[in-house]
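Here's the structure we're looking at; comments come further down.
The values are calculated or read from the model by the stated rules, or taken from the named source; none is laboratory data. Predicted model only: the values in this text are computed from it and were never measured. FYI the Cβ positions are ideal-geometry reconstructions off the backbone, even for glycines, and counts take in every protein chain you see. Just so you know, the surface numbers come from the protein's heavy atoms only, side chains and all, with ligands and any DNA or RNA stripped out. Shrake-Rupley method; radii C 1.70, N 1.55, O 1.52, S 1.80 Å.
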Amino acid sequence: MKRLALGLALWAAAAAPGLADRIPLPAISAYLNSFVTAEADFTQVNPDGSISTGRLSINRPGRARFEYNPPNEGLVIAGGGQVAIFDAKSNQPPEQYPLAKTPLNIILERNVNLSRARMVVGHDGDATSTRVIAQDPEHPEYGTIALVFTGNPVELRQWVITDDTGQATAVILGEMRTGVSMSSRMFNIVQETAERMGGR
């Protein structure tokens, strides 16, 4: 809960107007492009106010895995251009939709460039943290992702995704470890589905 409190405090600080000490967009883009793989524990605040925890693995471009701890035990995989939501309590195949239609795609791109025209719709902060609100400039209707960073060195601390229905989900990150070795199997939706369905 201390991490959650810290994360919400960072969000509140970054939400306050301020420009003087904000981290420049090129520096944030360079940070996001500086790693291919990363992992971190996370705390997720869902739209209904409930809280989930788990482990996040990122393998750019285009791949991420959210493994949720009990009692949730759910799994979300981004890979092969799709996002799949696996329900541990269901016997059905995962719900899937295109990664390109989610704001998460912005930070999973091969080359993140937050300086692109109309991509960033909010950029503020202070000496504590910087908040960047980004969207797909071609499809703003897909929603936004609000990213919170601290500086010296630049580190991603949390994000809030607001989807096309206005529902907001916050993900607060623990210490992020980069350059981690990962198996491509972790991001294979087809294989994960086959193994899960085959075991039932």
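Residue by residue through the stretch 67-76, note down the ones that are on the phi < 0 side of the Ramachandran plot, open to solvent by 40 Å² or more (accessible area, probe 1.4 Å) and not in a strand (DSSP E or B). Hits for the stretch 67-76 are ASN69, PRO70, PRO71, ASN72. Exactly one residue out of ILE58, ILE28, ILE23 is part of a helix (DSSP H, G or I), at pLDDT 85 or above and either more than 22 Å from PRO94 (Cα to Cα) or not acidic (Asp, Glu) (or both), and it is ILE28.
When you look at ALA64, is it within 18 Å of ARG110 (Cβ to Cβ), of a type in the set (A, V, I, L, M) and in a strand (DSSP E or B), yes or no? So ALA64 fits the description; yes. Within the stretch 191-200, if we keep just the residues that are touching a strand residue (DSSP E or B) at 6+ places or on another chain (Cβ under 8 Å) and of a type outside the set (S, T, N, Q), the residue that is most open to solvent (accessible area, probe 1.4 Å) turns out to be ARG196.
What residue, among those in the stretch 117-128 that are among the hydrophobic types (A, V, I, L, M, F, W, C) and part of a strand (DSSP E or B), is least open to solvent (accessible area, probe 1.4 Å)? That would be VAL120. If I ask for residues that are surrounded by 14 or more Cβ atoms within 10 Å (Cβ to Cβ) and touching a helix residue (DSSP H, G or I) at 6+ places or on another chain (Cβ under 8 Å), which ones from the stretch 174-190 would you list? GLY174 - this is the single residue of the stretch 174-190 that is surrounded by 14 or more Cβ atoms within 10 Å (Cβ to Cβ) and touching a helix residue (DSSP H, G or I) at 6+ places or on another chain (Cβ under 8 Å). Filtering the stretch 129-173 down to residues that are among the aromatic types (Phe, Trp, Tyr) and open to solvent by less than 10 Å² (accessible area, probe 1.4 Å), which residue is nearest to the chain's Cα centre (by Cα)? Checked the stretch 129-173; the qualifying residue nearest to the chain's Cα centre (by Cα) is TRP159. Return yes or no: is GLY79 touching a residue at least 12 places away in the same chain (Cβ under 8 Å) and open to solvent by less than 10 Å² (accessible area, probe 1.4 Å)? Here the answer is yes, as GLY79 does meet what is asked. GLU138 meets the stated requirement of being more than 22 Å from ALA30 (Cα to Cα) and modelled with pLDDT under 95. Only one of the numbered conditions (1) in contact with a His (Cβ under 8 Å, 6 or more places away or on another chain); (2) part of a loop (DSSP other than H, G, I, E, B) is not met by VAL132, and that is (2).
Scan the stretch 154-192 for residues that are among the basic types (Lys, Arg) and over 17 Å from ARG63 (Cβ atoms) and the total you get is 1.
Scanning the stretch 85-116 for residues that are open to solvent by 60 Å² or more (accessible area, probe 1.4 Å) and of a type in the set (Asp, Glu) gives ASP87, GLU95.
Scanning the stretch 165-200 for residues that are assigned to a loop (DSSP other than H, G, I, E, B) and touching a residue at least 24 places away in the same chain (Cβ under 8 Å) turns up GLN167, GLY174, GLU175, MET176, GLY179, VAL180, SER181, MET182, ASN188, ARG200. Tell me, please, whether a residue that is assigned to a helix (DSSP H, G or I), touching a strand residue (DSSP E or B) at 6+ places or on another chain (Cβ under 6 Å), modelled with pLDDT under 95 and surrounded by fewer than 19 Cβ atoms within 10 Å (Cβ to Cβ) can be found in the stretch 11-18. No, the conditions are met nowhere in the stretch 11-18.
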